[in-house]
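The values are calculated or read from the model by the stated rules, or taken from the named source; none is laboratory data. Quantities reported herein were computed from a predicted structural model and do not represent experimental measurements. FYI the Cβ positions are ideal-geometry reconstructions off the backbone, even for glycines, and counts take in every protein chain you see. These accessible areas exclude ligands, DNA and RNA; they are computed on the full protein's heavy atoms, side chains included. Shrake-Rupley method; radii C 1.70, N 1.55, O 1.52, S 1.80 Å.
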Amino acid sequence: MFTNPLIVKILDHYKKIWAIDTLKALSAWDLEVYMPENGAYFRGQAMGILGTMQQKLLLDNKFLTLIKKVQNDKLNIYEQAVVRNLNRVIEKNKKIPSKLLEEIEETTNQAQIEWRKARENNDFQQFAPHLKKIVKLLRQKTKLIGYKTHPYNVLLDDYEQGLTVEKLDIFFGEIEEPLKNLLQYVQRSSKHTEHHTLENLKYDKGKMRELNNKVLAYLRADKTRLRIDESTHPFTESISVDDVRITTRYTDTNFQNSLTSTIHEYGHALYELQINKDLTTTPLGGGVSLGVHESQSRFFENMIGRSKGFLNIFLQDIKALSPQIAKYVENEGIDGVYRYFNMVKPGLIRVEADEITYHLHIKLRYQIEKDLIEGNIQVKDLPAIWNETMENLLNIKPKSDTEGVLQDIHWSLGAIGYFPTYSIGTFNSGLIKYELEKSIGMLDNLIVNEQGIEKIQAFLKDKIHKHGSTYTPEQLLVDHFNSKFSTQYLINHLEEKYKKIY
Ligand code: MG
């Protein structure tokens, strides 16, 4: 894979940067899962220092000279990708003073803890000063890195190379109408209900844990390389190709949330677990972008986890969740459970949103982030702006900050520019499903067949996972599939599916 002697030297130096990355990832996982809340201050300092050590390693003069020199050599695609990926981060890092990096790290480590408390206390103003500082620091970053048309483009590019406000305005413009039309279709159907009995039934958390583990076993999860824990906001963290962590959450009711969270995160985890091991410790060793990453998680969550075949496999385990749930399932059978996992209604919480309204939640966040970074709106006004936009888009209004502006962890992480990748990723999953069915057969059959899951995972590995960051996100999708990105694949999938249910 890597034979050029200069590249070998470059990768040898890069290994130090990678080593710090693995510990930063472990620390991020620990912060969400185990760290006592007062640990944030010194943890933030330590992470800030590790970040600046990485930056020093990245901007090391000898290292930069090697990279410049190797560009005259004839390189294979992996070697070219190493140079391309390194140049991308080096150019950004050259423009950001280490002081700012440290400050971002310290601020966000503290902000995560403050967000959690504010969310528990239903008090946005408790979190507001921290968010205000994050926005200030990120605005500073956009100025330092520089942009042609919009400062938000700088942040978008961190999560999805080449993604811009210009592209997203077109994207959201294109999807809003068909989604709203489909929502209207569903709401007018005689089969549509605002509530589902299963939503409010309590479940046994121990049994739910068992179910989550059974689902992971069905998905062929390798527990020697993957573990599952609990956190406020489910997430995936890859420590290395042989050590990937996912989390899920348990609430009192609405058990589908725990199940779909587990499957969603498993989709992320599988991507990281199936990357070619020879790429580990190199700049090609991780998933290429969030838009591609979310295509994997949303594919597993929606296309597999919400399918009738999949739910039918676990019907007995669902019955075991509580006597009330068992009684419901005995009366209504798989159709009732299937409707529960695919009920459509405008709700307040993004992670609980159905496949149709989900993207309107993302549009709300996109608009707010764009305006915040542009300086058009102030942090202190966010609850009011949130609630008003929510009413415009989904015709419902949150009664509290916890179920409104405080619901997501992302801003406390400094992850502004992240949300749009959820929608882009989901629409990518429409393309992936289309190509997968063309190549290995109908998904509904694969889900219930003995070797089906293996076939799905092998397909994803071959087309996407194993390549790590060898290709740009666009190259990866264009070169490995016969079709180009289009919003039509997912719209077709949704229309076909929901016109069958409703
Ligand atoms: Mg995700």
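With +1 assigned to the C-beta of every Lys and Arg and -1 to the C-beta of every Asp and Glu, and no other charges, what is the dipole magnitude of the stretch 437-502 about the Cα centre in debye, to the nearest 20?
Values: 9 positive and 9 negative charges, 16 e Å.
Dipole of the stretch 437-502, to the nearest 20 debye: 80 debye.
First select every other residue whose beta carbon is under 15 angstrom from the beta carbon of residue 273; then total the charges, Lys and Arg +1, Asp and Glu -1. Present the calculation step by step, with values, prior to reporting the outcome.
Numbers: positive: 220, 223, 225, 227, 245, 277, 461, 466; negative: 222, 237, 242, 243, 265, 272, 278, 454, 462.
Its environment carries a net charge of -1.
Tell me, what does the Kirkwood hydrodynamic radius of the stretch 339-460 come to in angstroms if you use every pair of distinct C-alpha atoms? Write down the numbers at each step before the final one.
Numbers: mean 1/r = 0.0601 Å⁻¹.
When all Cα pairs of the stretch 339-460 are included, the Kirkwood radius is 16.6 Å.
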Diffing the stretch 93-108: the Karplus 3J(HN,Hα) column from phi (6.51, -1.76, 1.60, θ = phi - 60°), in whole Hz with x for Gly and Pro, holds 5, 4, 8, 9, x, 4, 4, 5, 4, 4, 5, 5, 4, 5, 5, 6
Mind grabbing the base-10 log of I(q)/I(0) for the stretch 271-322 at q = 0.14, 0.25 Å⁻¹? Debye formula, identical points on the C-alpha positions, no solvent, two decimal places.
-0.56, -0.92
Angle check, please: helix 323-341 long axis (alpha carbons) against the longest principal axis of the chain (alpha carbons), in degrees 0 to 90, nearest 10.
60 degrees
At a temperature of 4 °C and a viscosity of 1.567 mPa s, determine how fast the chain diffuses translationally according to Stokes-Einstein, using the Kirkwood radius over alpha-carbon pairs as Rh; express D in µm²/s, rounded to the nearest whole number.
54 µm²/s
Quick one: which residues, 5 or more positions from residue 248 or on another chain, have an amide H under 5 Å from its amide H? H modelled 1.01 Å from N in the peptide plane, none for Pro or chain starts.
229, 230, 231
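Tell me the volume per residue, in Å³, of the convex hull enclosing the alpha carbons of the stretch 180-278. Spell out each step's value before the answer.
On the way: hull volume 13.9 nm³, N = 99.
Roughly 140 Å³ of hull volume per residue.
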Can you work out the base-10 log of I(q)/I(0) for the stretch 140-194 at q = 0.21 1/Å, using the Debye formula on its C-alpha atoms alone?
-0.77
Heavy-atom accessible area of residue 41 with all protein chains present, probe 1.4 Å, nearest 10 Å²?
130 Å²
If I compute solvent accessible area with a 1.4 Å probe over the protein chains, what percent of it on the stretch 5-146 is carbon and sulfur?
55 percent
Projected convex hull area of the stretch 317-359, Cα atoms, direction-averaged, in nm², equals 3.6 nm²
In Å², what does the accessible area per residue of the stretch 5-146 work out to with a 1.4 Å probe?
53 Å²
If the viscosity is 0.692 mPa s and the temperature 37 °C, what translational diffusion coefficient in µm²/s does Stokes-Einstein give for the stretch 88-156 when Rh comes from Kirkwood over Cα pairs?
248 µm²/s
Degrees between helix 420-440 axis and first principal axis of the chain (Cα, 0 to 90, nearest 10):
70 degrees
Find which of 418, 221, 250 sits farthest along the positive direction of the dipole of the chain, computed with +1 on the beta-carbon of Lys and Arg, -1 on that of Asp and Glu, about the Cα centre.
418
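With every protein chain left in place, what is the accessible area per residue of the stretch 165-501 in square angstrom, probe 1.4 Å? Please list the in-between numbers first.
Working: 13020 Å² over 337 residues.
Value returned for the stretch 165-501: 39 Å² of accessible area per residue.
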Rg/Rh ratio calculated on Cα atoms of the stretch 5-146 (Kirkwood radius)
1.07
Enumerate the aspartates and glutamates that residue 205 could reach by cross-link, defined here as Cα to Cα under 18 Å, with residues fewer than 8 away along the same chain left out.
229, 230, 252, 317
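In what order, largest first, do 411, 18 sit by accessible area if the probe radius is 1.4 Å? Could you put the intermediate results ahead of the total?
Numbers: 411 15, 18 70 Å².
Accessible-area ranking of 411, 18, largest first: 18, 411.
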Report the calculated FRET efficiency for residue 392 and residue 486 (r = Cβ-Cβ distance, R0 = 41 Å), to the nearest 0.05.
0.90
So what are the stretch 220-359's ellipsoid semi-axes, whole angstrom, largest first, if each one is the square root of 5 times an eigenvalue of the alpha-carbon gyration tensor?
30, 16, 13
Quote to one decimal, in nm, the extra length available between residue 16 and residue 30 on full extension: 0.36 nm per residue of separation minus the C-alpha distance between them.
2.9 nm
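Taking the Cα centre of the chain as origin, work out the dipole magnitude from +1 charges on Lys and Arg Cβ and -1 charges on Asp and Glu Cβ, in debye rounded to 20. Present the calculation step by step, with values, prior to reporting the outcome.
On the way: 66 positive and 66 negative charges, 179 e Å.
For this selection, approximately 860 debye.
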In whole Hz, what ³J(HN,Hα) sequence does the stretch 70-83 give by Karplus (6.51, -1.76, 1.60; θ = phi - 60°), x for Gly and Pro?
5, 5, 7, 7, 7, 10, 7, 4, 5, 5, 4, 5, 4, 5
Per-residue [θ]222 nm for the chain (sum of -39500 (n - 2.57) over DSSP H runs n ≥ 4, rounded to 500):
-20500 deg cm²/dmol
Quick one: with all protein chains in place, what share of the accessible area of the stretch 165-501 is carbon or sulfur, to the nearest percent (1.4 Å probe)?
45 percent
With Cα coordinates, the longest principal axis of the chain makes an angle with the long axis of helix 256-273, in degrees rounded to 10, of 30 degrees
Tell me, what HN-Hα J-couplings in whole Hz come from the Karplus equation 6.51 cos²θ - 1.76 cosθ + 1.60 at θ = phi - 60° for each residue of the stretch 111-127, using x for Gly and Pro?
4, 4, 5, 5, 4, 4, 5, 4, 5, 5, 8, 6, 9, 4, 4, 5, 8
So for the chain, taking the charge dipole from beta-carbon charges (+1 Lys/Arg, -1 Asp/Glu), which of 377, 90, 311 sits furthest toward the positive end?
90
Treating each Cα of the stretch 90-202 as an identical point scatterer and ignoring solvent, apply the Debye formula and state log10 I(q)/I(0) at q = 0.09, 0.19, 0.21, 0.22 Å⁻¹.
-0.47, -1.02, -1.08, -1.12
Within the set of other residues whose C-beta is less than 15 Å from the C-beta of residue 399, count the net charge using Lys and Arg as +1 and Asp and Glu as -1.
-3
